Amino acid sequence: MGAYLAKAGVNCVVFERELFPRPHVGESLVPSSTRVFRDLGFLEQMEEAKFPHKFGAVWTAEDRKGAYDHDWDGLAPDCHADIRFEERMQEGVEKTYTYHVDRGKFDLLLLQHANKLGAAVYEGVRVSHVDFSPDHPVVHFHMGAKEMGVSARMVVDASGRQTFLGNQLKLKIKDTVFDQYAIHSWFDNYDRKIFAKRDSHEDYIFIHFLPISNSWIWQIPITDTVTSIGVVTQKKNFAKAKEEREKFFWDCVRSRPAIADALAAADRVRPFKDEGDYSYAMKQLAGDRFVLIGDAGRFVDPIFSTGVSIALNSARFAHRDVLAALEKNDFSRQSFSTFENTLRLGTKNWYDFISVYYRLNVLFTYFINEPKYRLDVLKLLQGDVYDDAAPPVLAKMQSMVSDVENNPKHPWHSLLGDLTANSFRPQL
Ligand SMILES: Cc1cc2nc3c(=O)[nH]c(=O)nc-3n(C[C@H](O)[C@H](O)[C@H](O)COP(=O)(O)OP(=O)(O)OC[C@H]3O[C@@H](n4cnc5c(N)ncnc54)[C@H](O)[C@@H]3O)c2cc1C
C-alpha cells in the first residue's frame, strides 16, 4: 500500500514495529500476486532476488485401501493430483510461474521498494492506538520510550494477524469452524523429489494429506537446498507444551513414512515456530477514514497459499478508492465501498473453496483430475477470485458435497471431514 500510494505521489508514512528482515510464515505465493509486482515495478527485483520459481502444486496422500481406492473417473488411486499454472492464461500475469519466498528477504525488499518510491518508512515503531475523534485521525506510536502522535487524513491498517484496528474498534469475529494450528521449520537437504512424478515437480509446492482428519503437511522450497515444512492441524490436536507440539510434528510426519525418512536425512536449520487462532473475519473492512487490508481484514486458512496474494491485491483494490477519496476529499466509509465489496466477494469465494476442501478433500482431488472442471479450479488456485460472485465450479462442488452428505451409501460418505461447511457463515 505504501508503494502504491507513494507511486501515485501521495505523502504517506509506514510504521513497522519490527526491524526487517524478520522471519514470517506464508512463503508460497499464487500467480495473482504478479499483477501487483508488475503495477509497482517490482518484478525485476523478484527475479534478481532469485526466489525459487513456483510453476505449480502437487497434492499427495497415502494409498489407503478402502478409503481412496475406488473407481471414480479421473481419480488416481493414490489421490495424487497436480496442476501447472501455465495450463490457464491469466490476463495481466503473463508468466507461467509465481514464487516461493523467504519472507524475511521478500518483506524487506518490498518495504525498501515502498521507501524508494517515496513512502517514509519507520521501522521499530509500534503504533499503539488511533484517535479518530477529531476531523483528522491521530496515530499514536512508540519511538523508544517516547509516545508520540502524528495526524493523517486517513489510516490503512496492514498490521497482519495483530489486527490492530480490528481489536481497537472491536470489529473482530472469530471463525468457529476453522480452528487450525500449525507448527513449522526449515530443513536443509530434504529430498524434495520423493513424491515428484516429474523432475519439474521438485520446485512445486507439495501438500501432503495426513491420515488424521483436517491435517496436512506443506513442503515449500526456500532455496536450492532449504525447504520449509509445516504441519497444519485442528486446535484439539495441538498440545499446550512446546515439547509436545514438536512431538506432534514428528508423529504427523511419521504417518507419511517417506517424508519421515527424507526429514531424518535432512538438518533442521531454524527453531520450530507455531501459529494458532488464526481464523477470523471483521464486521467492516473500511470505515470513516480507515481501511483494513491483508490479514488485518481477514484470515481463514493457509491451505491454498492465498494470504500474501490477498494482502497484495487488497492493497491494489484499496489504493484506488484511497486515491479517489483524496481527490474528492471525502474519507467516509462509502468512499471505500468498491474495495470492501470486491474484497468480500473474493474472500467469500476463498472461504467457500476452503470449506468444501476440508469437508471432503477427496472431492477436491476429483475436480482437479476431471478435465471438465480442471481449468475452473485452476482459476481459483491462481488467485482469480474477485471477478465472479458465484463461480459455477464452486456451486457444483457444494452440490456434490450435499449429495454425499445426504447419501450414507455413497462411497465418499465415510470420508466426510468434521468441519461442516455450512455451519458457519460470518454474518457480514
Ligand atoms: C500456518 C500459516 C501458513 C501460511 N502459509 C501461507 C502461504 O504459503 N502462502 C501465503 O500466501 N500465505 C500464507 N499464510 C498467510 C500469510 O502469512 C499472511 O496472509 C500474510 O503474511 C499477510 O500479510 P500482511 O501484510 O497482511 O501481514 P503481515 O505479513 O503479518 O505484516 C504485518 C506487519 O505489521 C506489523 N505490525 C503489527 N502490528 C503493528 C503495530 N501495532 N505497529 C506497527 N507495526 C505493526 C508486523 O510486525 C508485520 O510486519 C500462512 C499463514 C499461516 C498462519
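General remarks:
- Based on the Stokes-Einstein relation at 20 °C and a viscosity of 1.002 mPa s, and on the Kirkwood radius from alpha carbon pairs, the range 334-428 is assigned a translational diffusion coefficient of 150 µm²/s.
- Across the alpha-carbon set of the range 241-330, the Rg to Rh ratio works out to 1.20, Rh being the Kirkwood radius.
- √(5λ) per eigenvalue of the Cα gyration tensor, the chain, largest first, Å: 36, 24, 21
- Translational diffusion coefficient (Stokes-Einstein; Kirkwood radius from C-alpha pairs) of the range 297-383 at 20 °C, 1.002 mPa s, in µm²/s: 146 µm²/s
- For the range 313-335 versus the range 180-259, the gap between their alpha-carbon centres in whole angstrom: 40 Å
- Kirkwood-based Rg to Rh ratio, the range 180-275, C-alpha trace: 0.95
- Within straight-line reach of Lys409, meaning a Cα separation under 24 Å, sit the following lysines at least 8 residues removed in sequence or on another chain: Lys65, Lys396.
- Positive minus negative residues near Asp135 (Lys, Arg vs Asp, Glu; Cβ under 13 Å): -1
- Trypsin sites (Lys or Arg not before Pro) within the range 240-315, DSSP loop, no more than 15 other Cβ atoms inside 10 Å: Lys240, Lys283
- Using C-alpha pairs under 8 Å with a sequence gap of at least 6, the mean separation divided by the residue count of the chain gives a relative contact order of 20 percent.
We did not get these values from a lab; they are worked out from the coordinates using the rules stated. This is a predicted model, so every value here is computed, not measured. Note: ideal-geometry Cβ built from the backbone for every residue, glycine included; neighbour counts use all protein chains shown.
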